[in-house]
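Peer 1: Let me give you the structure first, and then I'll get to my questions.
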Amino acid sequence: MKAQVLISIIIPCYNQAQVLPKALQSVHHQTLGDWECIVVDDGSSDNTSAVVLAAAAVDKRIKLLRKENGGSASARDMGLGHAKGKYIQFLDADDDIAPDKLERQTKLMQEHNLDISYTAFRNIYAGREPGPIRTVGLSLYRIIVSWGIGYSTPINSFMYNREFLLSNGISFKSSCRYREDWRFHIMCFSARPRVMSMPDYCGAMYYHGNESKTSSYQKMQKGNFTFMAYMSKELGFSKKLLWTLRISEELWVWLLRMFKYRSIATAKTITALCSNLHSIATFVGAILLMPVSIWWIIVYFVKTYLQR
């Protein structure tokens, strides 16, 4: 029988040996000490494993798991399968968490018997000043309809009750190679969790890379459309109606970004969406809903460009 610890921190890592020490330092410096940190080396070709083993030699609470490369979803699932903690904290190898996050968040979880909690967060961009502290009130409706339109909440903001995840069969899915965080939270909030936010406390730092705006948006757009085609096969009828609305919003974003960057490089992504959707009716419905979804795009534009 597994000896339980209070918190299991799960870090998937693929060829991120250079940035991993920063994430591990943010764990090592936590004011609460009852944790284990499981780093899953997802088939890295760099010295990720050596970095973890060196850290584990100093702090026995750090553990290394190795697997063949399969993506962060499969790595997180592997970590979940070995976790002993009452609570789960996910952390990507290039991000970090505030020193008192585990202490403050577990206190909230215990006092209110929560299934999920999440903190405010800050975006950190390479070569730029840190972004403002951000927080968003989450619900299943908002996660389906508004995620990615002006906001998303990084996974290191959250903490989960492991028993809640296990009892509801909630996990990541290795076949979902894009936006697995988004899918995970649709599953979580579909299970009607007891959830609270910590809007006045910034517990998570989410780091963004150095890519150009054009290449970044092209990559993001392709990932969104691929994921939307994938999820259209998974959702039931009522959620699929909301999902169709969200696809219509993405069509607006796609058109506006192509206009902004004077680029048609993402034209293939729309072809992929049309050919891979579970039903052509979903795509037709998304087009018909575009006059409705323009409201979310106006809000997105105001938040992104006018309220900086």
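Peer 1: Among the candidates Pro154, Pro130, which residue alone is buried (at least 19 other Cβ atoms within 10 Å of the Cβ) and in contact with a strand residue (DSSP E or B) (Cβ under 9 Å, 6 or more places away or on another chain)? Explain how you work it out, then say what you get.
Peer 2: Details: Pro130 fails: buried (at least 19 other Cβ atoms within 10 Å of the Cβ).
Testing whether each residue is buried (at least 19 other Cβ atoms within 10 Å of the Cβ) and in contact with a strand residue (DSSP E or B) (Cβ under 9 Å, 6 or more places away or on another chain) leaves just Pro154.
Peer 1: From the list Arg177, Arg246, which one is in contact (Cβ under 8 Å) with a residue 60 or more places away in the chain and within 26 Å of Ala23 (Cβ to Cβ)?
Peer 2: Values: Arg246 fails: within 26 Å of Ala23 (Cβ to Cβ).
Exactly one residue qualifies, and that residue is Arg177.
Peer 1: Could you grab the pairs with beta carbons closer than 6 Å, sequence gap of 6+ or different chains, first residue in the stretch 291-307 and surrounded by 11 or more Cβ atoms within 10 Å (Cβ to Cβ), second one at pLDDT 70 or above and of a type outside the set (Val, Ile, Thr)?
Peer 2: Ser293/Leu245; Ser293/Ser248; Ser293/Glu249; Trp296/Glu249; Ile297/Trp252
Peer 1: Only one of these is more than 27 Å from Ser139 (Cβ to Cβ) and at pLDDT below 65: Ile270, Ile280. Name it. Break it down into steps so the answer makes sense when it comes.
Peer 2: Working: Ile280 fails: at pLDDT below 65.
Exactly one of Ile270, Ile280 is more than 27 Å from Ser139 (Cβ to Cβ) and at pLDDT below 65, namely Ile270.
Peer 1: If you don't mind, another one. Can you pull out the residues in the stretch 18-58 that are surrounded by fewer than 19 Cβ atoms within 10 Å (Cβ to Cβ), touching a helix residue (DSSP H, G or I) at 6+ places or on another chain (Cβ under 7 Å) and either hydrophobic (A, V, I, L, M, F, W, C) or under 24 Å from Met109 (Cβ atoms) (or both)?
Peer 2: Within the stretch 18-58, Thr31, Leu32 qualify.
Peer 1: Restricting attention to the stretch 96-112, which residues are within 18 Å of the chain's Cα centre (by Cα) and β-branched (Val, Ile, Thr)?
Peer 2: Ile97
The values are calculated or read from the model by the stated rules, or taken from the named source; none is laboratory data. Just so it is clear, the structure is predicted and the values come from calculations on it, not from any experiment. For neighbour counting, all protein chains shown are included, and Cβ atoms are generated from backbone atoms with ideal geometry for every residue, glycine included.
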